[in-house]
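The values are calculated or read from the model by the stated rules, or taken from the named source; none is laboratory data. Everything numeric in this text was worked out from a predicted model, so none of it was measured. Reconstructed Cβ throughout: ideal geometry from the backbone, glycine too, with neighbour counts over all protein chains shown. For the accessible areas, the whole protein counts, side chains as well, though only heavy atoms, and no ligand, DNA or RNA atoms are used. Shrake-Rupley method; radii C 1.70, N 1.55, O 1.52, S 1.80 Å.
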Amino acid sequence: MSAPHPLASSSADRPLASLPGPRPLPLIGNLAGVELDSIHLHLERLAAQYGPLYRFHMGPDAALVVARGELIQEIHRERPEGFSRLLGMQRVINEIGIQGVFSAEGADWRRQRKLVMSAFDPGHLKRYFLALVRVTEQLRLCLDEAAASGQALDLQTLLMRYTVDVTTGLAFGIEMNTLREPDQALQGHLDKVFPMVMRRIFAPIPLWRYVRLPSDREFDRHLAKVHEAGHRFIAGARERMASDPGLRERPNNLLEALLAARDESGGGLGDAGVLGNVLTVLLAGEDTTANSLGWMLHLLHTHPAEWQAVVDEVDAALAPGEDMPREFDTARGFETIEACINEAMRLKPVAPVSLFEANKALSIGGVALKKGAQVIALNRLAAVNPELAGDAAQFRPQRWRASASAADHSLTKASIPFGAGPRLCPGRYLAMLEMKMVLATIARNYELISVATEDGTPPRERVAFTMFPVGLKLRVASRAHADLHSNG
Ligand code: HEM
């Protein structure tokens, strides 16, 4: 007889209602007085009070909150059959026309996932590498000007321009250059999408479906501009494909692959699916990478010995006079930088919380879940658990080395900044490459004068769908010329 599935429900399971948790109010449950932009911290504090499995009401129904690493990873892995993304979240995302691979489920998801995965595989990244160098050169120009003038740059704005330029280049074949031509206002419109999505996901009553408040109308205006940009990208790709029909067989990028699939008979990806995936990728690739980079630069600035190790690694890898990695394999290297990235994302993951819904009756950690039950996974807590390593809260990139202790390994294994299982982030290779390019370029050319808030207080964590540092300013100075060319 085969062993029962680890998540199969059994009569010994406890009901969800029997778990400890804060007392809910009618209709709004436990959301009363909770600041949405720091809800992850609230949920993490409740885990300290109620334990790693507790009950929280995001409205009238109880959700299971899970803070145990092995259970969280199990939930991630049990997709798409056992769990889907929270249905309320899917609905909010789909109704604003962003129905793409992130919000798709089942067979739809499988088809879209295949297209998106192949567009971001290392082979495509290699072909795109020269364009990535060109975007990084634009970043250098911005940093050179700031270094010469002593001006402090708004770090998130700068990094988001970089990531939008990279994503649109790689995925849509368009060189936007929002870094140097910032009046292209797309960024200002994109910025409005995630905060509203977040508010709507957690709204106990979907008021916007019945009454349009001024904030909804303003949001609609921004959204229309984002859609307009998506249509422009699609029109550009259609033109290229009309003049070079070979692109249908050998698409150069995600957008061309989506259009080829859309036009295939029985392809099943309509116009809405093409636009939805364009916008999904634009949004998924922007804040995530920029936020991770922002946190990492701040952590490296506050850990000068780690920063020096990065500078030494980059100086050793680049030839005299070389200002940034200009070979794909060089850019993909950088073990020290990779360890710093992993460690920064362990402490400051862009998704400290994930939301799921059970597709059938299941058991999680001995708790019975009915079909449709909501689950909140506290992804970060497991990776900073002081029971696994006493210094779990410290930024210590060495724990990512193969020679690290068993305690360090247990922390690194618990860290899932890109998610886990079949829906693991398809943009992770691109994100790592971008982060290495940015860090190597800064380390090679500039001293970090400061990466801090104006008043020097630690940056606050805020969540607007993804978690970002509030108010970081970047000040750099050019590294001494002699320093740059000596290479030891
Ligand atoms: C440091 C940067 C990034 C981080 C930390 C990150 C993190 C994540 C996480 C946590 C998920 C959810 C995974 C899950 O449900 O298990 C995800 C999904 C996704 N990410 Fe990323 N991401 C990053 C960069 C990117 C980039 C650059 C792109 C594309 C340009 C991208 C595209 C996507 C897409 C399309 C999905 C949905 C996948 C699916 O549902 O099958 N991400 N990402």
Cβ pairs under 6 Å, 6+ apart or interchain, first in segment 408-437 and in a helix (DSSP H, G or I), second within 7 Å of the ligand (Cβ to nearest atom) and aromatic (Phe, Trp, Tyr), ordered by first then second residue, are ARG428/PHE418; LEU430/PHE120
Any residue in segment 456-474 that is among the basic types (Lys, Arg) sitting within a Cβ distance under 6 Å of a residue that is surrounded by fewer than 21 Cβ atoms within 10 Å (Cβ to Cβ)? List the pairs, counting only those 6 or more apart or interchain.
ARG460/VAL470; ARG462/ASP37; ARG462/VAL470; LYS473/ALA152
Heads up, the helices (runs of 4 or more DSSP H) in segment 146-201 (entirely inside) with at least 1 residues that are among the aliphatic types (A, V, I, L, M) and over 19 Å from GLY97 (Cβ atoms) are 155-172
Of the candidates ALA316, ALA309, the one satisfying the condition of being open to solvent by 40 Å² or more (accessible area, probe 1.4 Å) and part of a helix (DSSP H, G or I) is ALA316
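In segment 344-354, is there at least one residue being more than 16 Å from the ligand (Cβ to nearest atom) and surrounded by fewer than 23 Cβ atoms within 10 Å (Cβ to Cβ)? Before the answer, list the steps.
Step one: list which residues in segment 344-354 are more than 16 Å from the ligand (Cβ to nearest atom), which gives none.
No, because not a single residue in segment 344-354 is more than 16 Å from the ligand (Cβ to nearest atom) and surrounded by fewer than 23 Cβ atoms within 10 Å (Cβ to Cβ).
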Output the residues belonging to segment 407-441 that are more than 9 Å from the ligand (Cβ to nearest atom), open to solvent by 30 Å² or more (accessible area, probe 1.4 Å) and under 15 Å from ARG77 (Cα atoms).
LYS413
Qualifying positions in segment 377-398 - open to solvent by 40 Å² or more (accessible area, probe 1.4 Å) and part of a helix (DSSP H, G or I)
LEU381, GLN398
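Would segment 377-388 turn up any residue that is touching a His at 6+ places or on another chain (Cβ under 6 Å) and within 13 Å of the ligand (Cβ to nearest atom)? Full working, then the answer.
In the first step, residues of segment 377-388 are kept if they are touching a His at 6+ places or on another chain (Cβ under 6 Å); the result is none.
No, the conditions are met nowhere in segment 377-388.
Let's see how each residue does on (1) hydrophobic (A, V, I, L, M, F, W, C); (2) out of contact with any Cys (no Cβ under 9 Å at 6 or more places or on another chain); (3) not in a helix (DSSP H, G or I):
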site: ALA224; (1), (2), (3): yes, yes, no
site: GLU228; (1), (2), (3): no, yes, no
site: ARG240; (1), (2), (3): no, yes, no
site: GLY246; (1), (2), (3): no, yes, no
site: ASN252; (1), (2), (3): no, yes, yes
site: GLU256; (1), (2), (3): no, yes, no
site: ALA260; (1), (2), (3): yes, yes, no
Options GLN90, GLN138: the member that is more than 20 Å from the chain's Cα centre (by Cα) and in a helix (DSSP H, G or I)
GLN138
Identify all residues within segment 48-78 that are open to solvent by less than 10 Å² (accessible area, probe 1.4 Å) and either in contact (Cβ under 8 Å) with a residue 60 or more places away in the chain or not hydroxyl-bearing (Ser, Thr, Tyr) (or both); write none if there are none.
PHE56, GLY59, ALA63, LEU64, VAL65, VAL66, ILE72, ILE75, HIS76
When you go through (1) in a helix (DSSP H, G or I); (2) surrounded by fewer than 19 Cβ atoms within 10 Å (Cβ to Cβ) one by one for GLY97, which number turns out not to apply?
(1)
Test result for SER243, among the hydroxyl-bearing types (Ser, Thr, Tyr), open to solvent by less than 70 Å² (accessible area, probe 1.4 Å), away from the ligand (no atom under 16 Å from the Cβ) and out of contact with any Asp or Glu (no Cβ under 8 Å at 6 or more places or on another chain)
no
